[in-house]
Amino acid sequence: MISNNYIPEKINDANVYLDGSRMIGTGASADLPELNMKTSTVEGFGVGGEIDSPTIGQWESIEQEIQFNTLYSSAADMLSPLSNVNLTFRAAQQVYDKTGGYDFKGLRVVEMGRVKKFKPGKIEKGESMEATVTLELTYIMIEVDGEQLVEIDKLNNVYKVRGQDMLAKVRGLI
């Protein structure tokens, strides 16, 4: 667990890995996907209006876009619809320690899914191509300094927050 003595500041450096091998040719940043639960509107007698009620453990589409400076083998390795893509983002988070000095904490994001879109990009003299591969994720796990914050596995009906299984009771009832 991260101490209250630390003030998180920034990502110092990061890498992305495909099936355990460091990817080459990726852009300098990646926007992690939004995690939106499916909702339905609840209204009726005794309710003062409409409420968007989340359906716990049911998720909207989760997309991850990976940017490439140019078309490179790492992009092609993700294009086969016959296999799952297994990505791992690793980053060193720089934190300020209030007791004095700086420290670093690890960030790890593991994602699995399949190719959904491919944009080869543009060809312009002296510029990057801005090629992208978009994945439809079926699994995501976010860990900070060895502590798992969230895990979603759509295919195995898993939703955990800080290790607590949010769907254990649901699975026990069906």
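Over the chain, dividing the summed -39,500 (n - 2.57) contributions of all DSSP H runs of at least 4 residues by the number of residues returns a 222 nm mean residue ellipticity of -1000 deg cm²/dmol. This structure gives Cα extents along the principal axes in Å, computed directly, and of (1) 50, 33, 30; (2) 45, 29, 29; (3) 64, 49, 32 that value is listed as (3).
Amide H contacts for Thr39 (H built 1.01 Å from N in the peptide plane; partners 5 or more residues away or on another chain; cut-off under 5 Å): Thr55.
For the chain, modelled as a Gaussian network with Cα springs under 10 Å, which listed residue fluctuates most, Asn86, Asn69, Asn12? The residue with the greatest mean-square fluctuation here is Asn12. Report the residue, chosen from Gly126, Gly46, Gly146, that carries the largest GNM mean-square fluctuation when the chain is represented by alpha-carbon nodes joined by springs under 10 Å. Ranking Gly126, Gly46, Gly146 by mean-square fluctuation puts Gly46 first.
Evaluating 6.51 cos²θ - 1.76 cosθ + 1.60 at θ = phi - 60° for every residue in segment 54-63, the Karplus couplings come out as x, 9, 4, x, 9, 10, 6, 3, 10, 10 Hz, glycine and proline recorded as x. Apply the a/c threshold of 1.5 to the C-alpha gyration tensor of segment 74-174 and tell me whether it is rounded, prolate or oblate. Since a/c reaches 1.5 but b/c is at least a/b, the shape of segment 74-174 is classed as oblate. Choose one answer from Thr70, Thr39, Thr138: the residue with the largest mean-square fluctuation in a GNM of the chain with alpha-carbon springs under 10 Å. Evaluated over the chain, the most mobile residue of the options is Thr39. Cross-link partners for Lys160 among the lysines, with Cα-Cα distance under 29 Å and sequence neighbours closer than 8 places in the same chain left out: Lys10, Lys38, Lys105, Lys116, Lys117, Lys169. Taking amide hydrogens as placed 1.01 Å from N in the peptide plane, the amide H of Ile62 sits under 5 Å from those of Leu137, each at least 5 positions away in sequence or on another chain. As a rough guide to protection, the peptides 57-68, 148-159 ranked by mean Cβ packing within 10 Å, highest first, stand as 57-68, 148-159. The stretch between Asn86 and Thr41, if pulled fully straight at 0.36 nm per residue, gains 12.7 nm over its current Cα-Cα span.
Here, each number is a calculation from the coordinates, and none is a lab measurement. Since the structure is predicted, the reported quantities are computational estimates derived from the model, not experimental observations. Positions of Cβ are generated from backbone atoms using ideal geometry, with glycine treated the same way; all protein chains shown enter the neighbour counts.
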